[in-house]
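Just below is one structure, and these are the notes that go with it.
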Amino acid sequence: MTVQLGEGEETVPHSGVARQAVIAKDVSTSERMVAIFLVAILAPVVFFALRTGKHKEGTPTTGEGKSSVIVHTGTAYRGDMGVYVDALGTVTPISTVNIYSQASGQVLAVHYREGQIVHKGDPLIDIDPRPYRAQLQQAEGLLDHDRGVLKQAEIDLARYREAFASHAVARQVLDDQEQAVIQDQGAVKYDLGQVQYAEVQLSYCHITAPTSGRVGLRLIDSGNTIFAGSSSTLVVITELQPITVVFNVAEDHLGEIQKQLSQHKPLVVEAFDRSAETKVATGTLLTLDNQIDTSTGTVRFRGEFSNRDLTLFPNQFINARLLVRTLKNAVLIPSAAIQRNGTQAFVFVIGKNAASVRNVTERGTDGNTTAVEGLRVGEVVALSSFDKLQEGTPVTVEQLLQKAGADKGSAS
């Protein structure tokens, strides 16, 4: 069978050519599908192989092919370290004076300013003194009168004694005159007491500072009338220099502290702010309470501070640190290196690119530094990757931190 083409075209046999074209088309389609299928399968395999190769290339290995652990390290060094007892404390003034009125009258003047630092004897408040001056004058007048009566009685007594010696008067008259003199002497003493009482009442009209310290906010103004015995406070004075800090220490530390106190050694107390980062003041331990608080198991301690720059404020919350003793020439390491297995402390010592477990004994801790026994100066300890370390684990030390730790050790 032939196919008739258009004019000028050749006649092509239909059956042979068409079949070959169809077969060739089917073969090319199958090859493309197979190629796509192979690419889809091989692509993830190649990607995974490349990733694995990069990971192996970037992971440190030992000669046996085991992966090593990257660690940060610190170096043990020798130095002095204080052993402290940390506690929470409150700034407590040595004295806080509330001044009340002991006289009644009108306030004439207020001499202090709010927040002013006053000294003992400085004038604070004046009260109208006129009624008390009048009372004092009355008492003095009565005293003068009774003194005159006493003087006259003493003169008469002298006359009666001369007359009795001449047998001019009876003994009874002399005895009566002697008792009259004694009565007049008692009246004079009573008058003296009245005068002194009036003087004291008059002094209450001029109120002065009984101690040095800072005056609080103003509580009374001029022109007000105040009354003796009233519960209203006129002024409050708080002593600030020196000042104390009261803090509670666990009874477990009591024996060691008393041992130091028995040697008459002044123990240093450092006061830090609420965040325990900034030192506010330094003082000395003044005393401790005479009993343990059974509800908390603590003992109250009191430290004294000069407070020259007034950095400590009454009722301020502070973190107190009591220096009990100082460790001399101790082996010091970063506290982060200390690990614990129950009650036993240990560290990972790094040597020859491997970690080894070393038991240590803690002698004291001061912030980020711990004094230990069981290490030598210059030995390197791990500070990280503890969950991956065990005896003999290969390690790779991060060079920058290792150098920094070595510099710190050498500097110390």
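The values are calculated or read from the model by the stated rules, or taken from the named source; none is laboratory data. Since the model is a prediction, treat every value here as computed from it, not as a measurement. Quick reminder, even Gly has a Cβ in these numbers, built from the backbone with ideal geometry, and neighbours come from all protein chains shown. These area figures cover heavy atoms from the full protein model, side chains too; ligands, DNA and RNA do not enter into them. Shrake-Rupley method; radii C 1.70, N 1.55, O 1.52, S 1.80 Å.
Side notes on the structure shown:
- Matching strands (runs of 3 or more DSSP E) fully within the stretch 327-390 where at least 1 residues are surrounded by 13 or more Cβ atoms within 10 Å (Cβ to Cβ) and aliphatic (A, V, I, L, M): 344-351, 354-366, 369-373, 380-382
- Pair list, Cβ under 9 Å, 6 or more apart: the stretch 85-97 residue under 25 Å from His119 (Cα atoms), other residue of a type in the set (Gly, Ala, Ser) and open to solvent by less than 20 Å² (accessible area, probe 1.4 Å): Val91/Ala271; Pro93/Gly213; Ser95/Gly213; Thr96/Gly213; Val97/Ala209; Val97/Gly213
- Condition check for Val249: closer than 12 Å to Phe305 by Cβ, open to solvent by less than 40 Å² (accessible area, probe 1.4 Å) and not hydroxyl-bearing (Ser, Thr, Tyr): no
- Residues that are over 20 Å from the mean Cα position of the chain (by Cα) and either among the small types (Gly, Ala, Ser) or assigned to a strand (DSSP E or B) (or both), drawn from the stretch 236-263: Val236, Ile237, Thr238, Gly255, Ser262
- Qualifying positions in the stretch 180-211 - touching a strand residue (DSSP E or B) at 6+ places or on another chain (Cβ under 7 Å) and either within 13 Å of Gln138 (Cα to Cα) or β-branched (Val, Ile, Thr) (or both): Ile207, Thr208, Thr211
- Qualifying residue in the stretch 310-318 (condition: assigned to a strand (DSSP E or B) and farther than 30 Å from Val215 by Cβ): no
- Those residues of the stretch 126-156 which are part of a helix (DSSP H, G or I), under 60 Å from the mean Cα position of the chain (by Cα) and of a type outside the set (Ser, Thr, Tyr), in sequence order: Arg130, Pro131, Arg133, Ala134, Gln135, Leu136, Gln137, Gln138, Ala139, Glu140
- Here Ala87 passes the criteria (1) small (Gly, Ala, Ser); (2) open to solvent by 20 Å² or more (accessible area, probe 1.4 Å); (3) more than 12 Å from His206 (Cβ to Cβ) except the one numbered (2).
- Screening the stretch 293-312 for residues that are small (Gly, Ala, Ser) and under 17 Å from Val249 (Cβ atoms) and picking the one that is surrounded by the fewest Cβ atoms within 10 Å (Cβ to Cβ) gives Ser295.
- Any hit, the stretch 107-125, residues being open to solvent by 80 Å² or more (accessible area, probe 1.4 Å) and assigned to a strand (DSSP E or B): yes
- Qualifying residue in the stretch 196-214 (condition: touching a helix residue (DSSP H, G or I) at 6+ places or on another chain (Cβ under 8 Å), more than 30 Å from Glu239 (Cβ to Cβ) and open to solvent by less than 50 Å² (accessible area, probe 1.4 Å)): yes
- Ser95 being modelled with pLDDT under 95, surrounded by fewer than 16 Cβ atoms within 10 Å (Cβ to Cβ) and farther than 30 Å from Thr233 by Cβ: no
- Qualifying residue in the stretch 175-188 (condition: surrounded by 14 or more Cβ atoms within 10 Å (Cβ to Cβ) and under 30 Å from Ala228 (Cβ atoms)): yes
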